[in-house]
Structures are given as C-alpha cells and as structure tokens.
Amino acid sequence: MTRDAEAYLFDGAGTLFDCHPTLAEYIAQTSRSFGFTIEPADAGQALATVGGAYGWPDDTDDVAARKAGWLAFFDRVLLTCGARHHRAEHAEVVANFVLDPGSYLRYDDALPILRAVRDGGLKLGLVSNFDRWLRDVLRKLDLLDYFDVVTISTEVGVAKPDPRIFRAALGQLGVPAGRSVFVGDSLLADVAGAQAAGMIPVLLDRDGTHPDHPGWRVRSLDELHRCIATGPGRG
C-alpha cells in the first residue's frame, strides 16, 4: 500500500465477491434443462457482447423494473448463444439466480485484505453500481461490518465511472482523493472513474486480461496485501 494512503475503497462484485457458479457457468449448466447446450465460454462471450452493445441492466430499487431489466438482458444473451426456444423461461431462471443474495460467494482473498487495511488504522469504503440489496449480499458474506462507508449507485443517483459517486464516498469518509486508493476489476468503471475523481486506482486483473495495463495492476487481493510494505508497482 502507498505509505501516505488514508483510505482504501473497493468495488463489490468481481472484486470482493461474485456469483457462484459464475454467470457463464450457470447459463451453461441450466441450458440443458431447456433442450439446448451452451458452453461456458460461449455464454461468457455472449455476456460480454450483449453487455458491451446494450449495457448491463440499470441499477434500480424498483423490484419489478429490476427484474424486467435482467429478463431482457438474459433474453438477448441467450439469443446470442443461439437459443431459439424456451428463452423466456431460461431467462427467468438466470434472472432469479443473479437477483438472489444466496448466489454470491466472497473471494478467498477478500477478508485478509480488508483486515489488513483495518488493522493498519486506515478507513475502508465500498463503491458499487448496485441496488440497495447489496447490503444483504455483504451481510451474508460477513463483509458489511468492515466498511466505514458503503456507497451504492441507486442511493446517490450516479454510477461509476462518474467521479461524483467516488467523491460522495470520500466526502463521507472525510479523506482527500489524493490519499485514497480505489481497487476494482473494471478499466472503465473502476480505474478510469477513480482516476477522474483524483484517486489512486488499482486494477484487479484476476484473469490476466490486461497484462499491458500501464498503471498499478494486481492479479489478486493477496498481491495487493503484499504491497503494504513495498508500495504500488506494475503487475
């Protein structure tokens, strides 16, 4: 960690926790029940394609609108995978999965880094594009009580990469942006957004997708943990 940092803030899904099995794996597993076989790699590519073309569903506290957004999203994903029949039923199953707090597991390296930051006397925040039920997920995963501040896009009215959501969290923490580190897995939402807010961004690149990233990059939160004494570097 940088020696002058006063706070570490983290993204949620994809950084501290994620669906288990992954969305791509779950789509593949459940496809067989609807008479069509989808491979996990194809499902993953379809998720990336649809998410890139149409965006992921908007975060909203309106339960019906939230469900409708995910249903439409997964219908497009399944169509991209080549599914022609029973898409609505399959989309319903996948949407129910992603909206269930019980579908999420924390990464093994999440608690050690949070404990290290807290034990170092630094402040902890979480900034996420999510709905209010994120707190249910965090509580279930024994993560909620670690954070001094949890900032959720639907509650503040702006979403990453808009720098205002980062500034909202920093304002609650009472820490200047230049002395705050933000850790996340998205180049746009997390790295670019935090940088625009004046923070020190860290890319968590678990899959090694961005080996040439010019900024601070780690492959795991354990690697970030090891930076406590050495300061930031390139992965």
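The values are calculated or read from the model by the stated rules, or taken from the named source; none is laboratory data. What you see is a predicted model; the values in this text were computed from it and never measured. Using ideal geometry, Cβ is built from the backbone for each residue, glycine included, and neighbour counts are taken over all protein chains shown. The protein model used for the area step is the full one, side chains on, heavy atoms only, and it has no ligands, DNA or RNA in it. Shrake-Rupley method; radii C 1.70, N 1.55, O 1.52, S 1.80 Å.
Out of everything in segment 125-141 that is assigned to a loop (DSSP other than H, G, I, E, B) and hydrophobic (A, V, I, L, M, F, W, C), what residue ends up being nearest to Leu173 (Cα to Cα)? If we take residues in segment 125-141 being assigned to a loop (DSSP other than H, G, I, E, B) and hydrophobic (A, V, I, L, M, F, W, C), then Phe130 is nearest to Leu173 (Cα to Cα).
Annotation: of all residues in segment 4-38 being surrounded by fewer than 19 Cβ atoms within 10 Å (Cβ to Cβ) and of a type in the set (S, T, N, Q), the one that is nearest to Arg179 (Cα to Cα) is Thr22.
Is it the case that Ala169 is surrounded by 17 or more Cβ atoms within 10 Å (Cβ to Cβ) and farther than 29 Å from Tyr26 by Cβ? Criteria met by Ala169. Considered as a group, the residues in segment 75-106 that are in contact with a His (Cβ under 9 Å, 6 or more places away or on another chain) and farther than 18 Å from Asp131 by Cα include one that is surrounded by the most Cβ atoms within 10 Å (Cβ to Cβ), and that residue is Leu78.
Taking residues in segment 44-57 that are β-branched (Val, Ile, Thr), and partners anywhere that are open to solvent by 70 Å² or more (accessible area, probe 1.4 Å), the pairs with Cβ atoms closer than 6 Å and at least 6 places apart or on different chains are Thr49/Thr80; Val50/Arg76; Val50/Thr80.
Scanning for something over 23 Å from Pro161 (Cβ atoms) and assigned to a helix (DSSP H, G or I), does segment 47-58 turn up at least one residue? Spell out how you get there, then give the answer.
Of segment 47-58, the ones over 23 Å from Pro161 (Cβ atoms) are none.
No, that holds for no residue.
Being open to solvent by less than 40 Å² (accessible area, probe 1.4 Å), touching a residue at least 24 places away in the same chain (Cβ under 8 Å) and part of a helix (DSSP H, G or I): is that true of Arg66 here? The answer is yes for Arg66.
Scanning segment 127-150 for residues that are among the acidic types (Asp, Glu) and either closer than 19 Å to Asp109 by Cα or open to solvent by 20 Å² or more (accessible area, probe 1.4 Å) (or both) turns up Asp136, Asp142, Asp145, Asp148. Among residues of segment 199-210 that are more than 12 Å from Gly184 (Cβ to Cβ) and in contact (Cβ under 8 Å) with a residue 12 or more places away in the chain, those with a Cβ under 7 angstrom from a residue that is open to solvent by 60 Å² or more (accessible area, probe 1.4 Å) and not in a strand (DSSP E or B), sequence gap 6+ or separate chain, pair up as His210/Leu187.
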